[in-house]
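Engineer: Pasting a structure here, questions to come.
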Amino acid sequence: MSRIDERFEQLRNTGRKAFVPYITAGWPSLEITIDLCHMLAEEGADFLELGLPLTDPVADGPTNQRAAQEALNAGMTPAHLLQLVVELRHGGFELPIVLFTYFNPLRSLLARPDGLSALQGVDGVLVTDLPPEEATEHIASCRAAEVDTIFLASPTTPDERL
């Protein structure tokens, strides 16, 4: 059972809703991002969404767009995000970590020689611009690597699509 499944089971058993904060990785700095992750865990977060900064985050609002651009301007890269996850896990960070990204940066990560194993320590991947109908290969490769896949749904999403 994944960390994500375990946490949802704990929440169901206690009748609680999940608190899932989002942080743009590398904003305002990598060091502060690590501090924020620990602070959020101490303050009751159930999961942590780490956003991989992108130059054109079309699904994000102006605040997240600005944070992503500032993180990129400060030198944040996908490799830094992966190192951040490794540092968190080596430091005993136990919350489930979800990588919040777009398909192109994810493809770049997966093109690395270590492929999906580069996501070690990441529990789930939320790809904002990849519809489930077009994600067969993505889902299969994530399942093989024991990384949960997460897709967006709206209140009007039909049951058959869910």
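Engineer: Just subtract the alpha-carbon distance of Asp114 and Thr77 from 0.36 nm times their residue separation and send over the number in nm, one decimal. Mind showing how you got there, number by number?
Structural biologist: On the way: separation 37, 0.36 × 37 = 13.32 nm, distance 1.64 nm.
Computed gain between Asp114 and Thr77 is 11.7 nm.
Engineer: With a point put 7 Å past each Cα toward its Cβ, work out how far Glu43 is from Thr63 in nm, to one decimal.
Structural biologist: 1.2 nm
Engineer: Which whole-number value in Å² is the accessible area per residue of the chain, probe 1.4 Å? The partial results should precede the final answer.
Structural biologist: Values: 9200 Å² over 162 residues.
Value for the chain: 57 Å² per residue.
Engineer: Just to confirm my numbers, what's the Cα centroid distance between region 60-130 and region 1-37 in Å?
Structural biologist: Measuring centre to centre over Cα atoms gives 14 Å.
Engineer: Keeping the other protein chains in place, figure out the carbon and sulfur percent of the accessible area of the chain, with a 1.4 Å probe.
Structural biologist: Numbers: 4740 of 9200 Å².
Roughly 52 percent, rounded to a whole number.
Engineer: Scan around Gly51 for amide H atoms under 5 Å from its own, H built in the peptide plane at 1.01 Å from N, and keep only partners 5 or more places away or cross-chain.
Structural biologist: Ile23, Thr24, Ala25, Phe100
Engineer: Can you find, among Cys37, Ile4, Gly61, the residue farthest towards the positive end of the dipole of region 1-96? Put +1 on the C-beta of Lys and Arg, -1 on that of Asp and Glu.
Structural biologist: Ile4
Engineer: Calculated from DSSP H runs of 4 or more alone, at -39500 (n - 2.57) each and per residue, what is the 222 nm mean residue ellipticity of the chain, nearest 500? Each step should come with its number before you reach the end.
Structural biologist: Working: 6 runs with 67 residues, N = 162.
So the calculated ellipticity at 222 nm is -12500 deg cm²/dmol.
Engineer: Using +1 at the C-beta of Lys and Arg and -1 at the C-beta of Asp and Glu, which of Leu119, Pro96, Ile150 has the Cα lying farthest in the positive direction of the dipole of region 75-162?
Structural biologist: Leu119
Engineer: Can you give me the distance in nm between label points at Arg16 and Leu162, each placed 7 Å from the Cα along the Cα-to-Cβ direction?
Structural biologist: Going from the Arg16 label point to the Leu162 one covers 2.4 nm.
The values are calculated or read from the model by the stated rules, or taken from the named source; none is laboratory data. This one's a predicted model, so the numbers in the text were calculated from it and none came from an experiment. When we count neighbours, we look across all protein chains shown, and the Cβ atoms used for this are built from the backbone with ideal geometry, even at glycine. Heavy atoms of the whole protein, side chains included, go into the accessibility calculation; ligands, DNA and RNA do not. Shrake-Rupley method; radii C 1.70, N 1.55, O 1.52, S 1.80 Å.
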